[in-house]
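Values in this text are rule-based calculations from the coordinates and carry no lab data. Because the structure is a prediction, the values reported are computed rather than measured. Heads up, the Cβs are rebuilt from the backbone with ideal geometry, glycines too, and the neighbour counts pull from every protein chain shown.
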Amino acid sequence: MIRSLLAAAIGATVLLGSGAASAASYIVVGAPGAKLDRAVQAAGGTVTKRLTAIDTVVAESDSNAFKRALASRSGVLAVVPNVHVRMIDPVAQESVSEADVHAEAVNPPNNDGTYDTRYPLLWGLDAVDAPEAWAAGTTGAGVRVAVLDGGFNMNHPDLAPNINYALSADMTGEGIAYGPNSDDPTGVFSHGTHVAGTIAAARNGIGVIGVAPDAELVLVKVLFNYGSGSFADVFDGIIYAANADADVINMSLGADIPQGIGIGSNEVAALRVALGRAINYAYQSGATVVIAAGNDGRNLDKDKSLTVFPAQLTSAIAISATAPIGWAVDPTNTSLDYLASYSNYGRSVVDFAAPGGDAAYPGNENCLIGGLVRACYVFDLVFSTGGNVGGANFFFWSAGTSMATPHAAGIAALIIG
């Protein structure tokens, strides 16, 4: 089941339709200093969001002539339909409840009490030498990491000590909390919560530990719970995180835009300009921006058929995924650094690789690690924090460049700290 879900996620649907229910919504990209409010009004539209830092606005109109009329106005570089795009692959994996974790808090298996109860499951920490950094006194203290993602479990006990609730924000209007949705009817598999836990789950005696366990988390919801969202909300989230003085911005999201579907090549180029402006704005504000390279298994040096947003943009660090194959069978001698079967690669785009997990181990036998018995290949995935169902907080395994990116963001937080 896990393997089939992982395979199904590689090549998820991209364009999902307009961002507005009645009037059509557009992203208007302007020349530096352009008076876009005036241009939108003159063309018969209404500005619904201003992204002043990148000379872009979001506008609505119910006129069929609006787009053409606005595109002809002085200072307007492009008018792009504000489509909703799948930016998170809906991969549901195996879960563990908070109750199971608490039951072992007093006497956890395979643990001398130095670390949290599920530490034995976290091969990714060993792959990046995080414990060695902690031993040297480097834990990410004083570093602010913004996580741009879907909804979050704001009350997870492994995240709560490190969340800056005052700065965390929702760009979508759905509300920041993760909950049941069409992709996850139970509400267990919270992508954003999983990512946040890999970065900075607290070292608090239960559950998991993040790469930078003392870093501060600013959680910024830019996608709906089911994994889609608009580029406008992503732009808004990047600018918000930069203005919130984030030291690191984690974007475990992305979209492959094929030419000729929903938007044209000129419009793709305009989105690239606006997104590049947003990332450059964050970079110039002092943030390290870390982005997932994508899960299509493509050699990005050779395959140019799709535009990979936002990994192909400069001023950001693109991350591919690595994983062990059969780690639970032989934890001591198994390499942790195989390229994951689904991961995009290619030096023209990818800057680094980090632990993302995989389900490539061919055997079907069970293994015992950290007090849990599962099929052996499950332990090659990345284990982290999850959603809240019926008052119980969950942990779960997942895989993807989405899981590799927070490992890299955590490392950045350690370096900055």
What order do you get for 340-348, 290-298 when each peptide is scored by the mean count of other beta carbon atoms within 10 Å, highest first? 290-298, 340-348
For the chain, the dipole about the Cα centre with charges only on Cβ (Lys and Arg +1, Asp and Glu -1), to the nearest 20 debye, works out at 1620 debye
Percent antiparallel among DSSP beta bridges with both residues in segment 253-406, to the nearest 5? 70 percent
Restricting to lysines and to Cα separations under 26 Å from residue 35, and discarding same-chain partners fewer than 8 apart, the set is 49, 67
C-alpha long axis of helix 265-284 to longest principal axis of the chain, angle in °: 60 degrees
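How much length is gained if the chain between residue 373 and residue 166 is pulled fully straight, taking 0.36 nm per residue apart and subtracting their Cα-Cα distance, in nm to one decimal?
On the way: separation 207, 0.36 × 207 = 74.52 nm, distance 3.95 nm.
Once the chain is fully extended between residue 373 and residue 166, it gains 70.6 nm.
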Go through segment 346-360 residue by residue and turn each phi into a ³J(HN,Hα) via Karplus (6.51, -1.76, 1.60, θ = phi - 60°); whole Hz please, and just put x for glycine and proline. x, 5, 5, 10, 7, 9, 9, 10, 8, x, x, x, 6, 10, 8
Fewest to most Cβ atoms within 10 Å: 383, 231 sort as 231, 383
Measure nothing but the geometry: give the 0 to 90° angle between the long axis through the Cα atoms of 191-200 and the longest principal axis through the Cα atoms of the chain, rounded to 10°. 60 degrees
Rounded to the nearest Å, the spacing of the alpha-carbon centers of segment 110-169 and segment 191-218 is 2 Å
Let me check the size of segment 290-386 from its C-alpha atoms; what are the radius of gyration and Dmax in Å? 15.2, 45
For the Cα atoms of the chain, what angle does the longest principal axis make with the long axis of helix 401-416, in degrees from 0 to 90, nearest 10? 80 degrees
Segment 169-274: which GluC sites (Glu not before Pro) are DSSP loop and have at most 14 other beta-carbon atoms within 10 angstrom? none
Would you mind computing, in nm to one decimal, how far apart the modelled labels at residue 141 and residue 37 are, each placed 7 Å from Cα along Cα→Cβ? 4.6 nm
Can you figure out the FRET efficiency of residue 245 with residue 364, using R₀ = 45 Å and their beta-carbon distance, to the nearest 0.05? 0.35
Once every DSSP H run of n ≥ 4 in the chain is given -39500 (n - 2.57) and the sum is divided by its residues, what mean residue ellipticity at 222 nm do you get, rounded to the nearest 500 deg cm²/dmol? -7000 deg cm²/dmol
For 26-38, 117-129, ranked highest to lowest by mean beta-carbon neighbours within 10 Å, the order is 117-129, 26-38
Taking the alpha carbon gyration tensor of segment 353-417, what are the square roots of 5 times its eigenvalues, largest first, to the nearest whole Å? 24, 18, 10
Kirkwood hydrodynamic radius for segment 20-81: how many Å is it when counted over pairs of different Cα atoms? 11.0 Å
How big is the antiparallel share of DSSP beta bridges in the chain, given as a percent to the nearest 5? 60 percent
Computed FRET value (nearest 0.05) for residue 299 with residue 126, which takes r as the C-beta separation and R₀ as 30 Å: 0.60
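How many percent of Cα pairs in the chain exceed 31 Å? Numbers along the way, then the final one.
Values: 30498 of 86736 pairs.
That fraction is 35 percent.
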